[in-house]
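Asker: Here it is, the structure, as structure tokens.
The values are calculated or read from the model by the stated rules, or taken from the named source; none is laboratory data. Remember, predicted model here, so these are calculated numbers, not experimental data. Heads up, the Cβs are rebuilt from the backbone with ideal geometry, glycines too, and the neighbour counts pull from every protein chain shown.
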Amino acid sequence: MAESDNIVVETAEKIFADLADPQTINNDKKGSWQAPLWQALSEAGLPLSWVPDDLGGSGASLADGFALLNAAGRFAVAVPLAETMLAGWLLAQARISSPEGEMTVLPASPRDRITRDADGALSGRARGVPFAKAATHFAVLAHGNDGISIALVDASKGRIESGLNVGYDHSDTVTLDKVQPVTIKPAPGGFDQTTLMLMGGVARSLQIAGALESMLDISVRYSNERVAFEKKISKFQAVQHNLARLAGESAAALAAATSAADAIANAKGFDDEVYLEAASAKIRCAEAAEKGGAIAHQVHGAIGFTIEHILHRYSLRALAWRDDFGSESHWAVELGKLVANRGADELWPLVASR
Amino acid sequence: MTAALRFDPIRLPEKCEQLRKEVRAFLAEEIAAGTFDPHKPNREDTDVPEFSRKVGAKGWLGMTWPKKYGGQERSFLERYVVTEEMRVANAPTRRFFVADRQSGPVLIKYAPEHIKMDILPRICRGEICFAIGMSEPNSGSDLFAAKTRATKTDGGYLINGTKIWTSSAHIADYMIAIFRTSPPTKENRRHGLTQFLVKMKQPGIQVNPIGQITGQYEFNEVVFTDFFVPDDHVLGEVDGAWKQATSELAYERSGPERFLETYYVLTELVRAVGPNPDTRSAEGIGRLVAQLHTMRRMSVSVAGMLQAGKEPVVEASIVKDIGTVWEQQLPHRVRDLAAFVEETATNRETLERQLDFAIKTAPKLTIQGGTTEVLRGIIARGLGLR
Ligand SMILES: Cc1cc2nc3c(=O)[nH]c(=O)nc-3n(C[C@H](O)[C@H](O)[C@H](O)COP(=O)(O)OP(=O)(O)OC[C@H]3O[C@@H](n4cnc5c(N)ncnc54)[C@H](O)[C@@H]3O)c2cc1C
């Protein structure tokens, strides 16, 4: 695993290694690992990384937070770390303080809309909201007649229908029916639902890239242990080539995701160039999850298909993360429209902008 | 662990953007003057000597080389910008590209000083063309099976044998080639090859053109019969070319030319679908752009590693593998996506003409410069599997 040179990531990796070892988690059917892991992460201030000090957070940089999400992906952690980070970030856009505890953001899909009526009450339905059931608060982006607002909502005020995504994590439908938020403020100029989706998409991209790094690691390791036809399977050229392709997919995912993260961390706003980076990351990482995940399973044979083995903790989550904050199909259509609209001669200048 | 596979998000420094503007302005002028047509990748005039001289005069050849050899001591990232702008504009770079990318750096590392002083400035001025003499009829992927002999004689070597698939040999002034100076040893079957600088257009060399399925003539068979190469044209260690050849290939494998060769059909598709594409075209274009963008970010990252003095052999192989597979599929994807574009759409004709050529070009893309299978072998080695 990449050596981190960053204190936030170092802290997180230590916590993950101690309390979120995938094998231990996989063996623990009762989920008793969750509380200590969340507590340790909270004590280290990680869930509120992106919330400034004066709003109750630890005020880490965007870049550090992104690196933390990549590390979380490498451990495929199944606690609402990314979600709470995103929620805190969203609230901070409107200078709303973050409470303690688990949070998530809504909507989590570009197709859902929460609206705000004249007296500030929020209504609407958001599907596929990750970890809504575990959250004590929601950070909500809402459309009103006079523009976009950001609100902190007490989770018990919403109706939650539980669901599970393909990675067996909670992905719930949240319905708000004239819910009065704890706090609501206008979003800053230019901030809209697309901004939230792009940011969420990049978070998921970094997690997918991390999961792929781990899938590559465990697949290489396994191929060097498993013997068939009196040889380690790593010595078969067909297996080597599959692993080389997995390395390519993993590298592409990591490059796309870290490039997008770097672009957001260094840009003033979400302009076309950042849009290209963020949308591309989500599209390319989702494609890598599909292709790379398939190879990782192929190399592992039947053992990787068992619930006892840890491979599915990465492969299924990476597949599930494709759906959050806009699938690759969604972003591909949107990016394609943007490119077509700018015109043929503006495509290369857009691609070569950094 | 995968620590080796990091592609840091290198950003091109400000001076690259200035340079990019200059290159675009220059290319626009050349296009306006009729030097080349950016919409015609299949043109016959791929060799345009005046164009090479103009690029040289701009200081865009040998950009990273020492000033005393005519170079500019600029960064790999600046060179990267020039390369990608030329490629995307379909500029006629055939005459200078190999020398600039590959042969020059080899000479800087291994040639005697007087040869460097003679040849490098001429490359920088865009006056001379290089070819690469590695492959032979029975030695392609397995480079170390090369048989063409260099036999020691008074003051030099006599060369006998045949090189093949040698791009640009028909216009080249020089070739950097590997020849067999002794048999392989039991311990090291890579032993016994030596790299030489060969002056073309001399008695004893015959260049026979070989047609390609695109209808073009770009590579050749090169037959050597008692061809004399003087001692000071030996490059590097006698019998030790294997080390040199592999690091040379890192340059050949990482650049923007490894995913942009069929790029023009994507631009033309965007033109043909117009500003309001249907959902199917929009999605297809979006995916292709996301894939392109990702490869370019990886490739820029490798350029950053070269700039930092690293030898990113595995990373370069990954970029070439993903990049060439992509540029090979691109014309077929574009053809799919263009299926419902109105027959009367503007540029439909240009698109079809370009597709015809790109589809014929596609099969070679995963062969030249090392096949997909060979690259995956290198990546597998980097993963510790071999
Ligand atoms: C357009 C073009 C331009 C070229 N220009 C030049 C040039 O300027 N100079 C030059 O020296 N060469 C040049 N080449 C040659 C190129 O480098 C070789 O074609 C390439 O290295 C493959 O060698 P080969 O053609 O002999 O195929 P082979 O080596 O015979 O390979 C045939 C097939 O077998 C596979 N194969 C071979 N060995 C293995 C293995 N160990 N494991 C798995 N699969 C394997 C290959 O991947 C390929 O699919 C050019 C080629 C093309 C197409």
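Asker: Please enumerate the residues belonging to the stretch A:164-206 that are in a loop (DSSP other than H, G, I, E, B) and closer than 17 Å to A:Ile114 by Cα.
Answerer: A:Gln180, A:Pro181, A:Val182, A:Ala187, A:Phe191, A:Asp192
Asker: Residues of the stretch B:337-381 being in contact with a helix residue (DSSP H, G or I) (Cβ under 7 Å, 6 or more places away or on another chain), away from the ligand (no atom under 16 Å from the Cβ) and assigned to a helix (DSSP H, G or I), which ones?
Answerer: B:Leu337, B:Ala338, B:Arg348, B:Thr350, B:Leu351, B:Gln354, B:Leu355
Asker: Also, I was wondering about something else. Out of (1) at pLDDT below 95; (2) more than 16 Å from the ligand (Cβ to nearest atom); (3) more than 8 Å from chain A (Cβ to nearest Cβ); (4) at negative phi, what's the single condition that is false for B:Ala316?
Answerer: Answer for B:Ala316: the failing condition is (2).
Asker: Any idea which residue in the stretch B:260-292 is farthest from the other protein chains (Cβ to nearest Cβ), counting only those that are in contact (Cβ under 8 Å) with a residue 60 or more places away in the chain and aliphatic (A, V, I, L, M)?
Answerer: Top of the filtered list is B:Val265.
Asker: Conditions first: (1) away from the ligand (no atom under 12 Å from the Cβ); (2) within 22 Å of B:Thr372 (Cα to Cα). B:Asp173 passes all but one, so which condition is the exception?
Answerer: (2)
Asker: Here's another thing I want to ask about it. In the stretch B:224-249, what count of residues is obtained for those that are out of contact with any Pro (no Cβ under 7 Å at 6 or more places or on another chain) and in a helix (DSSP H, G or I)?
Answerer: Result for the stretch B:224-249: 11.
Asker: Give the residues of the stretch A:201-239 that are within 16 Å of the ligand (Cβ to nearest atom) and more than 9 Å from chain B (Cβ to nearest Cβ), sorted by residue number.
Answerer: Correct list: A:Phe236, A:Ala238.
Asker: Moving on. Do we have any residue at all in the stretch B:235-252 that's surrounded by fewer than 19 Cβ atoms within 10 Å (Cβ to Cβ), at pLDDT 95 or above, touching a strand residue (DSSP E or B) at 6+ places or on another chain (Cβ under 8 Å) and aliphatic (A, V, I, L, M)?
Answerer: Yes, because at least one residue in the stretch B:235-252 is surrounded by fewer than 19 Cβ atoms within 10 Å (Cβ to Cβ), at pLDDT 95 or above, touching a strand residue (DSSP E or B) at 6+ places or on another chain (Cβ under 8 Å) and aliphatic (A, V, I, L, M).
Asker: Among B:Arg353, B:Arg333, B:Arg348, which is over 22 Å from the mean Cα position of the chain (by Cα) and modelled with pLDDT under 90?
Answerer: B:Arg348
Asker: Could you grab me the full set of residues in the stretch B:160-170 that are at negative phi and either near the ligand (Cβ under 7 Å from one of its atoms) or surrounded by fewer than 24 Cβ atoms within 10 Å (Cβ to Cβ) (or both)?
Answerer: The answer is B:Asn160, B:Thr162, B:Lys163, B:Ile164, B:Thr166, B:Ser167, B:His170.
Asker: Given the conditions (1) within 16 Å of the ligand (Cβ to nearest atom); (2) within 20 Å of B:Ser141 (Cα to Cα); (3) at pLDDT 95 or above, report the number of the one that B:Arg190 does not fulfil.
Answerer: Status for B:Arg190: all satisfied but (3).
Asker: Given the criteria in a helix (DSSP H, G or I) and surrounded by fewer than 23 Cβ atoms within 10 Å (Cβ to Cβ), does B:Gly309 qualify?
Answerer: In short, no.
Asker: Also: Given (1) at pLDDT 95 or above; (2) crowded, with 19+ Cβ neighbours inside 10 Å; (3) more than 9 Å from chain B (Cβ to nearest Cβ); (4) under 26 Å from A:Pro80 (Cβ atoms), where does A:Phe270 come up short, assuming only one miss?
Answerer: The single condition A:Phe270 does not satisfy is (1).
Asker: Kindly establish whether B:Lys152 is away from the ligand (no atom under 16 Å from the Cβ), free of Cβ contacts under 8 Å to residues at least 40 places away in the same chain and among the basic types (Lys, Arg).
Answerer: yes
Asker: Another question, if that's okay. Within the stretch A:24-39, is even one residue within 14 Å of chain B (Cβ to nearest Cβ) and either touching a residue at least 24 places away in the same chain (Cβ under 8 Å) or of a type in the set (A, V, I, L, M) (or both)?
Answerer: no
Asker: Kindly provide the set of residues from the stretch A:240-266 that are more than 20 Å from the chain's Cα centre (by Cα), hydrophobic (A, V, I, L, M, F, W, C) and more than 8 Å from every other protein chain (Cβ to nearest Cβ), ordered by number.
Answerer: A:Leu246 - this is the single residue of the stretch A:240-266 that is more than 20 Å from the chain's Cα centre (by Cα), hydrophobic (A, V, I, L, M, F, W, C) and more than 8 Å from every other protein chain (Cβ to nearest Cβ).
Asker: So, one more: Do we find that A:Gly128 is surrounded by fewer than 24 Cβ atoms within 10 Å (Cβ to Cβ) and touching a helix residue (DSSP H, G or I) at 6+ places or on another chain (Cβ under 8 Å) in this structure?
Answerer: Spelling it out, it is not the case that A:Gly128 is surrounded by fewer than 24 Cβ atoms within 10 Å (Cβ to Cβ) and touching a helix residue (DSSP H, G or I) at 6+ places or on another chain (Cβ under 8 Å).
Asker: Only one residue in B:Arg348, B:Arg376, B:Arg381, B:Arg353 is more than 20 Å from B:Phe259 (Cβ to Cβ) and within 11 Å of chain A (Cβ to nearest Cβ), so which one is that?
Answerer: Going through B:Arg348, B:Arg376, B:Arg381, B:Arg353 in turn, the sole match is B:Arg381.
Asker: Give the residues of the stretch A:277-291 that are buried (at least 24 other Cβ atoms within 10 Å of the Cβ) and within 12 Å of chain B (Cβ to nearest Cβ), sorted by residue number.
Answerer: Selection gives A:Glu277, A:Ala278, A:Ala279, A:Ser280, A:Ala281, A:Lys282, A:Ile283, A:Arg284, A:Cys285, A:Ala286, A:Ala288.
Asker: Are any residues in the stretch A:12-61 of a type in the set (A, V, I, L, M) and outside any loop (DSSP other than H, G, I, E, B), and if so, which ones?
Answerer: A:Ala12, A:Ile15, A:Ala17, A:Leu19, A:Ile25, A:Ala35, A:Leu37, A:Ala40, A:Leu41, A:Leu55
Asker: Any idea which residue in the stretch B:104-144 is modelled with the lowest pLDDT, counting only those that are among the hydrophobic types (A, V, I, L, M, F, W, C) and near the ligand (Cβ under 9 Å from one of its atoms)?
Answerer: Top of the filtered list is B:Leu143.
Asker: If we keep just the residues of the stretch B:88-98 that are within 16 Å of the ligand (Cβ to nearest atom), touching a residue at least 60 places away in the same chain (Cβ under 8 Å) and buried (at least 21 other Cβ atoms within 10 Å of the Cβ), which is nearest to the other protein chains (Cβ to nearest Cβ)?
Answerer: Among residues in the stretch B:88-98 that are within 16 Å of the ligand (Cβ to nearest atom), touching a residue at least 60 places away in the same chain (Cβ under 8 Å) and buried (at least 21 other Cβ atoms within 10 Å of the Cβ), the one nearest to the other protein chains (Cβ to nearest Cβ) is B:Phe97.
Asker: When the stretch B:1-50 is examined, which residues are found to be within 14 Å of chain A (Cβ to nearest Cβ), part of a loop (DSSP other than H, G, I, E, B) and among the aliphatic types (A, V, I, L, M)?
Answerer: Listed by number, the residues that qualify are B:Met1, B:Leu5, B:Ile10, B:Leu12.
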